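Notes to accompany the following structure.
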Ligand SMILES: NC(=O)c1ccc[n+]([C@@H]2O[C@H](COP(=O)([O-])OP(=O)(O)OC[C@H]3O[C@@H](n4cnc5c(N)ncnc54)[C@H](OP(=O)(O)O)[C@@H]3O)[C@@H](O)[C@H]2O)c1
């Protein structure tokens, strides 16, 4: 597969296309998904402590026999792991679960808890060589600026819901001057049929002899978003990868930009997230 890389604000090069393992059960399923991805040439895996499958991700990477340096692993800390001193210990446990001596990209998964203390420990982990790049996920409120204001290392990425119906144009402007790149979660709307079957994608799919999902993923790539669509179906994984032999025209990119409707598929407010997600803790 053709690898495209994006150079982050810290100089590290992240593969723009990866695979995500949210809701992929630990054990056999995660092993299969990650091994299949690596066999197909994918070199970027997006996991999280909250997904409870870091051990299987680490095992699949090891068993692949591929040089660790060629594979980009992103993982995320949960709010119960935030705080000066607390986060450093959580990172050590993460390294153990993943069976690796460094993490390529470490994110704060949610925008609540002691995220300021956590950021300081993450910066220390970069200095100590335990983590290469650090970033944020779901920081869309003014808590984003709170972190930016104290950061000695600016977030390399901001991972948020982003797809043609919710393109994050404003957020991109807010982080532009820090060199922070948007990573799209729900790149195909979590598989939403309404988004996938949007007539514009059907029309473009016909023109390029591609599927509607391939048109959406190609749009993300040309838009400069980092993506890691998730699939447990090997046929879909192959299909999702097959997007590097055609290019949407500037007019087509613009017409997709125009279907941004502000529709989100994840609708919990920050207060609800804090209350509901904050009460939950992943197992070690
Ligand atoms: N930071 C965060 O808070 C956060 C939140 C959500 C997600 N994420 C990350 O983003 C990744 C992607 O998000 P997601 O997994 O929820 O949503 P997604 O990638 O937008 O959609 C996944 C769904 O699309 C289906 N699909 C995949 N390829 C397809 C194809 N070619 N044709 C038809 N259907 C297809 C999958 O089903 P099949 O298995 O049947 O293919 C699955 O149901 C996650 O795995 C995770 O790494 C991060």
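Helix-only arithmetic for the chain: the sum of -39500 (n - 2.57) across DSSP H runs with n ≥ 4, divided by the residue total, places the mean residue ellipticity at 222 nm at -11500 deg cm²/dmol. Binning the C-alpha pair distances of the chain at 5 Å intervals from 0 yields a P(r) profile of 1, 5, 13, 17, 19, 18, 14, 8, 4, 1, 0, 0 %, listed from the shortest bin outward.
Against the chain, whose longest principal axis comes from its Cα atoms, helix 199-208 is set at around 70 degrees. Take every pair of alpha-carbon atoms less than 8 Å apart whose residues are at least six positions apart; their mean separation over the length of segment 1-116 yields a relative contact order of 23 percent. What angle do you read, to the nearest 10 degrees and between 0 and 90, between the alpha-carbon axis of helix 54-64 and the longest principal axis of the chain? For helix 54-64, the angle is close to 70 degrees. Evaluated on segment 1-141, the Kirkwood hydrodynamic radius is 15.2 Å, with distances taken between all distinct Cα atoms.
Can you tell me the 0 to 90 degree angle between the C-alpha axis of helix 212-223 and the longest principal axis of the chain, rounded to 10? Between helix and principal axis, roughly 60 degrees.
Pairs of Cα atoms nearer than 8 Å and 6+ residues apart set the relative contact order; for segment 16-277 it is 17 percent.
Can you give me the Cα centroid spacing of segment 223-254 and segment 38-93 in angstrom? Using only Cα atoms to place each centre, the spacing works out to 24 Å.
Tell me, in nm to one decimal, what length is gained between residue 67 and residue 193 on full extension, where the rule is 0.36 nm per residue of separation less the Cα-Cα distance? Stretched out fully, the residue 67 to residue 193 stretch lengthens by 41.6 nm. Between 192, 104, 46, the GNM of the chain built on Cα springs shorter than 10 angstrom shows 192 fluctuating the most.
Read the figures in this text as sums done on the coordinates, not as results from a lab. Model, not experiment: these values are computed from the prediction.
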